[in-house]
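Visitor: Below: one structure in structure tokens.
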Amino acid sequence: MKKAKITVLGSYNTDLTLNVPHLPADGETVFGTQMKYNPGGKGSNQAVAAHRAGADVTFIAKVGCDGMEKVGFELYEKVGLPTDNIIRDETVSTGVAAIEVDNVTAQNRIIVIPGANMRITADEVREREELIANSDILLLQLETSRESILEAVKIAKAHGVKVVLNPAPFSDVVFDIIKDVDIITPNETEADLIAPGHDGNFQWAASDMIGMGCNNVIVTVGKQGSYYKGVKGEFVIPAKPVKAVDTTGAGDAYNGALCTALAEGKSMVDAMKFASAFASLSVTRPGAASSMPSREETEEFMKE
Ligand code: RIB
């Protein structure tokens, strides 16, 4: 089997994860049950996911030198993810995220202070043109600076490299690049923000995104699975039921695994099945990047 080559341009955040018996209402104070610093950030989670799923991953990111980045580097060392393209900048703080996780529903709420993620420059991306050019897929989210995203897309297009965009968190940068994106992977909320006015009907939103110039739309629909609409037709890949403990990073797990499978040459249906199984396993464990399963575990789980 061909080894997938993926470049992820994206964020690193240290997640301050707070477990709570229920998510607090406005003005309510809740006693939590646990607090932990976890490696997170959508870009980093997706890079770790693709690496654990079996890809050769180049991760382009920026962190500060304030010590907050330590848990991330500990994880990269443990899983063997190369860190050569994680830029360190002592003038800025590492991205951080405050995450509340509901102990009962496993759902979360997230606030991100992006710090260094918003300081990645177009020049720094351009210096890594060859790495992007030599990849099968460039995988992006919207948690880094606009200029870094625009430059990366420009380079990928110039070299015929496929672009997969996970438009999370939603920002209007999506409208600048959607016509150059090969596959867009919003969740239901993001689909509604990109293509509003459909009363939450993500099938219609997907049609709108195709109308905006993106040929393949995958909407991730939590425990219901994922929905595809595009040049390969229209279908749903249901998710296998699991006992979720923490859904943080489930979308990231899905995107990293999806790109790995596609870059290996799998069909859209098979790649979505693999990504769905990979993401399902990730929610059975706490944390984001540290919850990513291995490829072997995923393949075993798919046989069950
Ligand atoms: O997708 C989950 C991630 O979103 C968290 O790890 C947090 O850092 C935010 O970027």
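Visitor: So LYS240 passes all but one of these: (1) of a type outside the set (Ser, Thr, Tyr); (2) in contact (Cβ under 8 Å) with a residue 12 or more places away in the chain; (3) crowded, with 16+ Cβ neighbours inside 10 Å. Which condition number does it fail?
Guide: Going through (1) of a type outside the set (Ser, Thr, Tyr); (2) in contact (Cβ under 8 Å) with a residue 12 or more places away in the chain; (3) crowded, with 16+ Cβ neighbours inside 10 Å one by one, LYS240 breaks only (3).
Visitor: While we're on this one: Being within 16 Å of LYS5 (Cβ to Cβ) and under 19 Å from the mean Cα position of the chain (by Cα) is true for just one of ALA156, ALA133, ALA168. Which residue is that?
Guide: Exactly one residue qualifies, and that residue is ALA156.
Visitor: Does segment 1-42 hold any residues that are loosely packed, with under 13 Cβ neighbours inside 10 Å and either within 16 Å of the ligand (Cβ to nearest atom) or within 30 Å of GLU127 (Cα to Cα) (or both), and which are they?
Guide: Answer for segment 1-42, where residues must be loosely packed, with under 13 Cβ neighbours inside 10 Å and either within 16 Å of the ligand (Cβ to nearest atom) or within 30 Å of GLU127 (Cα to Cα) (or both): LYS2, LYS3, MET35.
Visitor: Applying the selection to segment 199-238, what residues are more than 16 Å from THR105 (Cβ to Cβ) and among the small types (Gly, Ala, Ser)?
Guide: Scanning segment 199-238 gives GLY200, ALA205, ALA206, SER207, GLY211, GLY213, GLY225, SER226, GLY230, GLY233.
Visitor: Exactly one condition in (1) surrounded by fewer than 24 Cβ atoms within 10 Å (Cβ to Cβ); (2) under 30 Å from PHE274 (Cα atoms); (3) within 16 Å of the ligand (Cβ to nearest atom); (4) not hydrophobic (A, V, I, L, M, F, W, C) is not met by GLY64; state its number.
Guide: (2)
Visitor: Any idea which of (1) outside any strand (DSSP E or B); (2) modelled with pLDDT of 95 or more is the one ASN19 doesn't satisfy?
Guide: (1)
Visitor: Are there helices (runs of 4 or more DSSP H) fully within segment 100-192 with at least 1 residues that are at pLDDT 95 or above and under 24 Å from PRO39 (Cβ atoms)? List them. Before you say what the answer is, go through the steps one by one.
Guide: Numbers: elements: 122-126, 129-133, 146-158, 173-177.
Qualifying helices (runs of 4 or more DSSP H): 122-126, 129-133, 146-158.
Visitor: Next up: Which numbered condition trips up GLY72, out of (1) more than 16 Å from the ligand (Cβ to nearest atom); (2) modelled with pLDDT of 95 or more?
Guide: With respect to (1) more than 16 Å from the ligand (Cβ to nearest atom); (2) modelled with pLDDT of 95 or more, GLY72 is out only on (1).
Visitor: Also, I was wondering about something else. Checking the condition within 16 Å of the ligand (Cβ to nearest atom) and buried (at least 24 other Cβ atoms within 10 Å of the Cβ), which residue from THR185, THR189 passes?
Guide: THR185
Visitor: Residues being more than 17 Å from VAL96 (Cα to Cα) and either in a loop (DSSP other than H, G, I, E, B) or among the polar types (S, T, N, Q) (or both): count how many of those fall in segment 37-65.
Guide: 3
Visitor: If you don't mind, another one. Of the numbered conditions (1) under 20 Å from the mean Cα position of the chain (by Cα); (2) surrounded by fewer than 22 Cβ atoms within 10 Å (Cβ to Cβ); (3) not hydrophobic (A, V, I, L, M, F, W, C), ASP89 satisfies every one except a single condition; which is it?
Guide: (1)
The values are calculated or read from the model by the stated rules, or taken from the named source; none is laboratory data. Everything quoted here is computed from the prediction, not taken from an experiment. Neighbour counts run over all protein chains shown; Cβ positions are idealised from the backbone, glycine included.
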